[in-house]
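These notes are about the structure you will find just below.
The values are calculated or read from the model by the stated rules, or taken from the named source; none is laboratory data. For clarity, every value in this text was computed on a predicted model and none was experimentally measured. Cβ placement follows ideal geometry from the backbone for every residue including glycine, while neighbour counts extend to all protein chains displayed. Please note that ligands, DNA and RNA were not included when accessible areas were found on the heavy atoms of the full protein model with its side chains. Shrake-Rupley method; radii C 1.70, N 1.55, O 1.52, S 1.80 Å.
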Amino acid sequence: MSIQVSLADNTAHKLPIEFAYLSNVFKSGEVTHIHTNAKVFAKLKDFGTYYLNFDDKEKKQFDNIEQLFEKEPDINSWCMDFLNMEPEILTELTTISFDLNIKVLLNLCCYNIAEIINNKSIPDIREYFKIENDFTPEEDALLEEETEWIEE
């Protein structure tokens, strides 16, 4: 038995029925539409396949990513390899994990984003994630003035 998934490019895919464990959105016998591309879907599938191989006790460890990484170097290594992706893919994977209510993947992606932006300036974050600055110079100056205390 499998779960039917269609992507934004109208391609159809199958996932093992166990993927229903990850999300309350997946239902057997129904087609779930995921508004994403094949690259992001492949990452979602890779994570699900890896995660679903754990027993319940091991899955519970994913509730605290930082603690998990300290205790389980093999999982840390796999996750770091898994999370080594282009910023656009990471952003899309985070959005899809939120949309599909896959909390464990969302937490992992958010943890990674937090690590990426930690101690970076706003311009550096914008550059990394290719975010256009739509503030006027006056708004930028005001924002910098209001948030001076953060850098202290």
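Could you list all residues from the range 82-115 that are assigned to a helix (DSSP H, G or I), open to solvent by less than 40 Å² (accessible area, probe 1.4 Å) and under 14 Å from residue 42 (Cα atoms)? Hits for the range 82-115 are 82, 89, 90, 93, 94, 96, 97, 105.
Here is a list of conditions, (1) over 30 Å from residue 125 (Cβ atoms); (2) surrounded by fewer than 18 Cβ atoms within 10 Å (Cβ to Cβ); (3) modelled with pLDDT under 90, and residue 63 meets all of them except one; can you say which number that is? Looking at each condition in turn, residue 63 falls short on (1). Among the residues of the range 116-143, those that are of a type in the set (D, E, K, R) and surrounded by 11 or more Cβ atoms within 10 Å (Cβ to Cβ) comprise 120, 124, 126, 127, 139, 140. Mind checking whether some residue in the range 43-57 is within 21 Å of residue 98 (Cβ to Cβ), surrounded by 14 or more Cβ atoms within 10 Å (Cβ to Cβ) and either more than 18 Å from the chain's Cα centre (by Cα) or touching a residue at least 60 places away in the same chain (Cβ under 8 Å) (or both)? Yes, because at least one residue in the range 43-57 is within 21 Å of residue 98 (Cβ to Cβ), surrounded by 14 or more Cβ atoms within 10 Å (Cβ to Cβ) and either more than 18 Å from the chain's Cα centre (by Cα) or touching a residue at least 60 places away in the same chain (Cβ under 8 Å) (or both). Being under 18 Å from the mean Cα position of the chain (by Cα) and modelled with pLDDT under 95 is the requirement here; does residue 89 meet it? Criteria not met by residue 89. Of the set (1) more than 26 Å from residue 150 (Cβ to Cβ); (2) touching a Phe, Trp or Tyr at 6+ places or on another chain (Cβ under 8 Å), all apply to residue 116 but (1). For the range 16-42, which positions are open to solvent by less than 40 Å² (accessible area, probe 1.4 Å) and not in a helix (DSSP H, G or I)? Result: 22, 23, 26, 32, 34, 36. Cβ-Cβ contacts under 8 Å between residues 6 or more apart (or on different chains), taken from a first residue in the range 14-27 that is farther than 18 Å from residue 46 by Cβ to a second residue that is among the small types (Gly, Ala, Ser), are listed as 27/20. I need the full set of residues from the range 64-74 which are within 17 Å of residue 109 (Cβ to Cβ), without any contact (Cβ under 8 Å) to a residue 12 or more places away in the chain and in a helix (DSSP H, G or I), in order please. Those that are within 17 Å of residue 109 (Cβ to Cβ), without any contact (Cβ under 8 Å) to a residue 12 or more places away in the chain and in a helix (DSSP H, G or I): 68, 69. Among the residues of the range 120-152, just one is part of a loop (DSSP other than H, G, I, E, B), within 28 Å of residue 85 (Cβ to Cβ) and of a type in the set (Val, Ile, Thr), namely 131.
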